[in-house]
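> Sharing a structure with you now.
The values are calculated or read from the model by the stated rules, or taken from the named source; none is laboratory data. Everything numeric here is computed off the predicted structure, so don't read it as measured data. Using ideal geometry, Cβ is built from the backbone for each residue, glycine included, and neighbour counts are taken over all protein chains shown. For the accessible areas, the whole protein counts, side chains as well, though only heavy atoms, and no ligand, DNA or RNA atoms are used. Shrake-Rupley method; radii C 1.70, N 1.55, O 1.52, S 1.80 Å.
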Amino acid sequence: MSTIAITGVRIFDGERSAGTGTVVVDGGTVVAAGPGAAVPAGAEVVDGAGGTVLPGLIDAHVHLTTRRHLDALAAHGVTTAFDMASWPASTTAALRAETGTADLLSAGVPVIGPAGPHSRFGMPEYAVVTDPDAAAEGVARRIADGSDYLKVVVEAPGRGGPSPEVVAAVVREAHALGRRVVAHASHHDAFVLAHEAGADVLTHVPTGTPVGADLAAAMTAGGRLAIPTLTVAEVLTAARAAPGETYGAARDSVRAMREAGVPVLAGTDSVEQPGLPFSIPLGASLHHELELLVGAGYPPVDALVAATSLPAARFGLTDRGRIAPGRRADLLLVDGDPATDITATRAIRAVWIAGEPYRR
Ligand SMILES: [Zn+2]
């Protein structure tokens, strides 16, 4: 593996703008970064003038089923993605084994209720859990499948999702085995249910009654994390335009969580699969999500943190998410400065995955 030096480049290190300098990559990892980093003899030099290098982006909510999906992410600088439900387990396992493309964590087969909208998506039978006493077996089966964390699809009370007792039992069993629980919750009352059942991560946001200040404060106190997926909220509210459902409610929910100090990760709910009610392109949509977070009041730097160091740290990926010695050289080089203009993340010059250039 060759040594690479990206020179004269603005560095966003995953947490902050770290000045203009050089990033040196060797053996798939970053070995030096900053204004004082020297170019090693024999290094392949990449002129980064006028650009910014940042850690490879992380989309914290995707669904994928083929290598093509991983490549679409990588081509857009998304070098790691958190799959939030996919099946069958054999397909997910095969995707995890792919190299030279985006890297994957996955929930595998989610836990759903007997009659919600997700029960019509053609999932394996064991997706449905109706008895709290079956939670232990259900969690163990998913971990045997290779699931990195559990996903539970929570609906508003009476809408066919898993009961509060099942959600709480899944949380308890997952925690006993050292796994986080991510709860789908796109309705205010589902959000409350998931929060009260102890889910670690709440994904989506209500598009009806928004998350208010009190709920957001309770989330902070409980150590909750949010992946709001404004992108899908925008798509669904535009397509359905159901009475009382608005994108503004989703944005207000994000604002409330931000003001209360709930950590928010950038995620899109991107999925390109026939038979689903919507399609959101993998890769490209994360850049849109960053713009929507800025539109919801995030300074560009905070939006970048939400797609780099924060998801890595919160999902236990200590090897990436920052540009620092010893970290994986998953890198994105763009024109301009996304720390001041978030749309600059789209102006991609180059992507590296574990130090190897990704041919887009
Ligand atoms: Zn999803």
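> Name the shape class, rounded, prolate or oblate, that the alpha-carbon gyration tensor gives for the range 57-314, where a ≥ b ≥ c are the square roots of its eigenvalues, rounded holds for a/c under 1.5, and otherwise prolate holds if a/b is larger than b/c and oblate otherwise.
Rounded is the answer for the range 57-314, as its axis ratio a/c remains below 1.5.
> If you don't mind, another one. Let me have the 222 nm mean residue ellipticity of the chain computed from DSSP H runs of 4+ only, each contributing -39500 (n - 2.57), with the sum over all residues rounded to the nearest 500. Walk me through the numbers on the way to the answer.
Working: 11 runs with 108 residues, N = 360.
So the helix-based figure for the chain works out to -8500 deg cm²/dmol.
> Where only protein heavy atoms count, and the probe is 1.4 Å, what is the accessible area per residue for the chain in Å²?
Numbers: 13440 Å² over 360 residues.
Value returned for the chain: 37 Å² of accessible area per residue.
> Once fully extended, how much extra length lies between Arg141 and Val45, figured as 0.36 nm per residue of separation less the alpha-carbon to alpha-carbon distance?
My answer for the length gained is 29.7 nm.
> Express in whole angstrom the spacing between the alpha-carbon centres of the range 289-360 and the range 13-76.
Each part reduced to its Cα centre gives a spacing of 8 Å.
> Which whole-number percent gives the relative contact order of the chain, counting Cα pairs below 8 Å spaced six or more residues apart? Let's see the in-between values first.
Values: 891 pairs, mean separation 72.9, N = 360.
Normalised by residue count, the contact order of the chain is 20 percent.
> Within the chain, what whole-number % of the accessible surface is contributed by carbon and sulfur, with the 1.4 Å probe and all protein chains included in the calculation?
Taking all protein chains in place, the chain shows 52 percent carbon and sulfur surface.
> Is the C-alpha gyration tensor of the range 273-360 telling us rounded, prolate or oblate? Criteria: a/c under 1.5 is rounded; beyond that, a/b larger than b/c is prolate, otherwise oblate.
Values: a/c = 1.39, a/b = 1.21, b/c = 1.14.
Since a/c stays below 1.5, the shape of the range 273-360 is classed as rounded.
> A further question on this structure: Between Ala221 and Arg67, what length comes free when the chain is fully extended (0.36 nm per residue of separation minus the Cα-Cα distance, one decimal in nm)?
Going from the current span to full extension adds 51.5 nm.
> Pick from Met219, Met123, Met84: which residue has the top mean-square fluctuation in a GNM of the chain where Cα pairs under 10 Å get a spring?
Met123
> Now for a separate question. Just to be sure I understand: with springs between alpha-carbon atoms less than 10 Å apart, which residue in Pro338, Pro228, Pro311 has the highest mean-square fluctuation in the Gaussian network model of the chain?
Largest GNM mean-square fluctuation: Pro338.
> If you place +1 on the Cβ of every Lys and Arg, -1 on the Cβ of every Asp and Glu, and leave all else neutral, what size is the dipole of the range 254-360 about its Cα centre, to the nearest 20 Debye?
That gives the range 254-360 a dipole magnitude of about 280 debye.
> Among Ala284, Ala89, Ala41, which one moves the most in a GNM of the chain with springs linking Cα atoms closer than 10 Å?
In this elastic network of the chain, the residue with the biggest mean-square fluctuation among Ala284, Ala89, Ala41 is Ala41.
> State whether the range 146-245 is rounded, prolate or oblate according to the following rule on the C-alpha gyration tensor (a ≥ b ≥ c being the square roots of its eigenvalues): a/c under 1.5 gives rounded; otherwise a/b larger than b/c gives prolate, and the remaining case gives oblate.
prolate
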